[in-house]
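Below is one structure, written out as C-alpha cells; comments come after it.
The values are calculated or read from the model by the stated rules, or taken from the named source; none is laboratory data. All figures in this text were calculated on a predicted structure; none of them were measured in a lab. Ideal geometry is used to build each Cβ from the backbone, glycine not excepted, and the neighbour counts take in all protein chains shown. Please note that ligands, DNA and RNA were not included when accessible areas were found on the heavy atoms of the full protein model with its side chains. Shrake-Rupley method; radii C 1.70, N 1.55, O 1.52, S 1.80 Å.
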Amino acid sequence: MALRSYLSTAPATALVRTRLYLLPFIAVFIPIFAVLVLQLADIPGYETWVTAWLGEYLVFALAGTIFYFVTVNRHVASLRERESILAEWTSYPDTRYRRLVHGLGFALGCVCIVGGLLLALSDHLVINPLPAVGGAMIGQAITGGRQRTYTLFESGLCVRRSKTFNYQFVPCTQLRSLDLTDDRLEIRRGLPWPLPIRCATTPMTQPQQVAAAIERALESGGDID
C-alpha cells in the first residue's frame, strides 16, 4: 500500500481525506501499552505471546511508520502539482510556545523514565516501554524549537520541520481561527490537534499577507471533508 501511495497520488489523497493513514501509525503503540498492562495485571503467559509475536510486531511497526510518511509526503507532492500555493513562509515557534513545549516534553519524559524505573524495581517487568517513551518525549522537546517551513494550499496546511524529510498535513477543515500580533502568528486547530500552530513573526517577511491568505482559507473551509 505504501508503494502504491508513492507511485500514484489517488490512494494517498483518499487516505488523507479519510484520515485512514493515521491508523497504522497509531496502532504501533497499542501493543506496547498492552504488554505493560498485562505485566502489571500479572496475567500469566504473556512472555510466550510476546516472544512469539515480537518479530511480526517489529515488521508491522516499521511498515506502519513507512506507510505514514510515504502517504503524507506523496499527498503533499500531489498538492504541489494540483493546487496553487496560497502562502509559504519559514519561521520557528515563538518564545512562549517553545518554553511550553520544552517544559511539557521534559516533564512528561522524566515522569515516564522515573515511573518506568520504579515499576521495573517493584514489579520486575520483563518489558518496560516507559523509559523509551520518556526518552522520545525528551528528544521531541529538544528539537521542538526547530525552524519550520509552512506551505498553505487550498485544501490544507503543510508543515515541515528543518533537517527532516517528512511533512505534517493539517486540512483546512481543522483550522479554526487566526490571531496575529506583533511577535507571533497563531493558528488554532480542532481535534485531534491539541495545540495551536504558533510562529514567531520576526523571521517572516510579510506576516500580514500570510495572515490574509490564511483568513481566506478559513472562510473557504478547504475541500477535504
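Multiply the residue separation of Glu88 and Ile26 by 0.36 nm, subtract the distance between their alpha-carbon atoms, and state the gained length in nm to one decimal. It would help to have the intermediate numbers written out before the result.
Details: separation 62, 0.36 × 62 = 22.32 nm, distance 2.93 nm.
Length gained, Glu88 through Ile26: 19.4 nm.
If you take the charge dipole of region 87-213 about its Cα centre, with +1 on Lys and Arg Cβ and -1 on Asp and Glu Cβ, which of Gln168, Pro203, Gly109 is farthest toward its positive end?
With unit charges placed on the Cβ atoms, the residue in question is Pro203.
Please find the FRET efficiency linking Gln208 to Leu104, where r is the Cβ-Cβ separation and R0 is fixed at 30 Å, and quote it to the nearest 0.05. Could the numbers behind the result be given before it?
Values: r = 31 Å, r/R0 = 1.03.
Using R0 = 30 Å, I get an efficiency of 0.45.
For Ile26, tell me the accessible area in Å² from a 1.4 Å probe, rounded to the nearest 10.
90
For Gln168 and Val37, what does the FRET efficiency come to when R0 = 35 Å and r is the distance between their Cβ atoms, rounded to the nearest 0.05?
0.75
Residues with amide H under 5 Å of Phe153's amide H, sequence separation 5 or more or different chain, H placed in the peptide plane at 1.01 Å from N; which?
Amide H to amide H, under 5 Å and 5 or more residues apart or across chains, Phe153 pairs with Leu86, Cys158.
Which order do peptides 86-96, 58-68 fall in by mean Cβ count within 10 Å, highest first?
So the order, starting with the most tightly packed, is 86-96, 58-68.
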